[in-house]
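The values are calculated or read from the model by the stated rules, or taken from the named source; none is laboratory data. Computed from a predicted structure; not experimentally measured. Don't worry about glycine lacking a Cβ; one is built from the backbone with ideal geometry, like all the others, and counts go over all protein chains shown. These accessible areas exclude ligands, DNA and RNA; they are computed on the full protein's heavy atoms, side chains included. Shrake-Rupley method; radii C 1.70, N 1.55, O 1.52, S 1.80 Å.
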Amino acid sequence: MKTPVTEAITRYRMLDGCRNVTVGISGGADSCALLHTLWELREELDITLSACHVNHRLRGAESDRDEAFVRELCGRLEVPLEVYGVDVRAAAGKHESIEEAARRLRYGCFEDVCGKYGSLLATAHTANDNAETVLMNMIRGTGTKGLAGIPPVRGNMIRPLILCTREQTEAYCRKKGIDFVTDSTNLEDDCTRNRIRHNVMPLLREFNPSFIGAVTRMTEAVRSDEDFIREYALKCAEECRTEGGLDSRKLKELHPAV
């Protein structure tokens with residue numbers, strides 16, 4: 001775990017300009033592995049750690065169990081913890097799913113705590129999550145941005161586990177004797193991501209056991225292409241700029257990708 005985490009942090013310059021890191025922790029294997037790994041690397045990376053847990057109050061006693069577990073874990077590691085309680089069902093908009101509302105509220109809490117600590121937010125997205133996201137984007141229809149998957153860094157958000165597989169995080173927890181909780185809704189097939197995770201991913205790994213790694217390499221390449229095209233497009237826009245807007249004749253001469 002330490003090797004791919006430090007590789008990701010270095011490759012994507014995740015800690016540039018900030019050494020305060022808040023870990024978004026649910027209590028699951030991925031986020032517990034992330035917190036423990038950064039805790040073990042805290043002196044090597046010269047970082048100050050804190051954590052944030054959001055109780056979505058969607059699973060009754062199970063949600064409260066997760067909160068109690070996270071409180072005990074962070075207390076044992078002496079990591080400052082901020083806990084938020086949100087009412088997802090009450091906050092969900094008319095055209096918003098429960099999952100979308102939960103994400104919106106969760107990231108609102110993360111922004112609040114990062115502002116309080118002046119910190120980066122580290123989320124526990126893995127290479128598996130990245131591959132699932134790519135497949136979801138493909139199903140909906142996408143361009144290079146969607147094929148680039150989950151960005152390792154976006155604003156003040158970093159993903160130190162983006163080069164780790166879910167199997168690695170679970171193996172790390174077993175090896176280190178790290179307890180974690182399981183969200184029962186992750187075992188259901190009532191949302192697109194879960195159906196892809198439980199049904200599509202295993203089939204694709206039958207064709208290619210290294211499918212996760214293959215997608216990781218693809219997203220690296222596509223992300224680089226997307227960055228180049230975007231930067232070049234901005235340069236072309238400046239060259240096409242006129243006093244009143246943009247020169248349409250010059251724009252038509254550009255490559256369609258631009």
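Among residues of region 56-69 that are open to solvent by 60 Å² or more (accessible area, probe 1.4 Å), those with a Cβ under 6 angstrom from a residue that is at pLDDT 90 or above, sequence gap 6+ or separate chain, pair up as R57/S63. When the test is whether a residue is among the aliphatic types (A, V, I, L, M), out of contact with any Leu (no Cβ under 6 Å at 6 or more places or on another chain) and open to solvent by 40 Å² or more (accessible area, probe 1.4 Å), V83 passes it. Filter region 139-184 for residues that are surrounded by fewer than 19 Cβ atoms within 10 Å (Cβ to Cβ) and on the phi > 0 side of the Ramachandran plot; which is nearest to the chain's Cα centre (by Cα)? Among residues in region 139-184 that are surrounded by fewer than 19 Cβ atoms within 10 Å (Cβ to Cβ) and on the phi > 0 side of the Ramachandran plot, the one nearest to the chain's Cα centre (by Cα) is G155. When you check A131 against the structure, is it more than 15 Å from the chain's Cα centre (by Cα) and either modelled with pLDDT of 90 or more or of a type in the set (G, A, S) (or both), yes or no? No, not satisfied. Within this structure, I212 fails the test of being within 24 Å of R59 (Cα to Cα), among the aliphatic types (A, V, I, L, M) and open to solvent by less than 80 Å² (accessible area, probe 1.4 Å). When G146 is tested against (1) within 22 Å of E7 (Cβ to Cβ); (2) without any contact (Cβ under 8 Å) to a residue 24 or more places away in the chain, only condition (1) is not met.
Just a yes or no: is a residue in region 162-175 out of contact with any Asp or Glu (no Cβ under 9 Å at 6 or more places or on another chain) and part of a loop (DSSP other than H, G, I, E, B)? The answer is yes, given that some residue of region 162-175 is out of contact with any Asp or Glu (no Cβ under 9 Å at 6 or more places or on another chain) and part of a loop (DSSP other than H, G, I, E, B). Just one of the listed residues (T219, T242) is hydroxyl-bearing (S, T, Y) and either surrounded by 10 or more Cβ atoms within 10 Å (Cβ to Cβ) or at pLDDT 95 or above (or both), namely T219. If you filter region 194-225 down to residues that are basic (K, R) and touching a residue at least 12 places away in the same chain (Cβ under 8 Å), you find that the one that is nearest to G149 (Cα to Cα) is R223.
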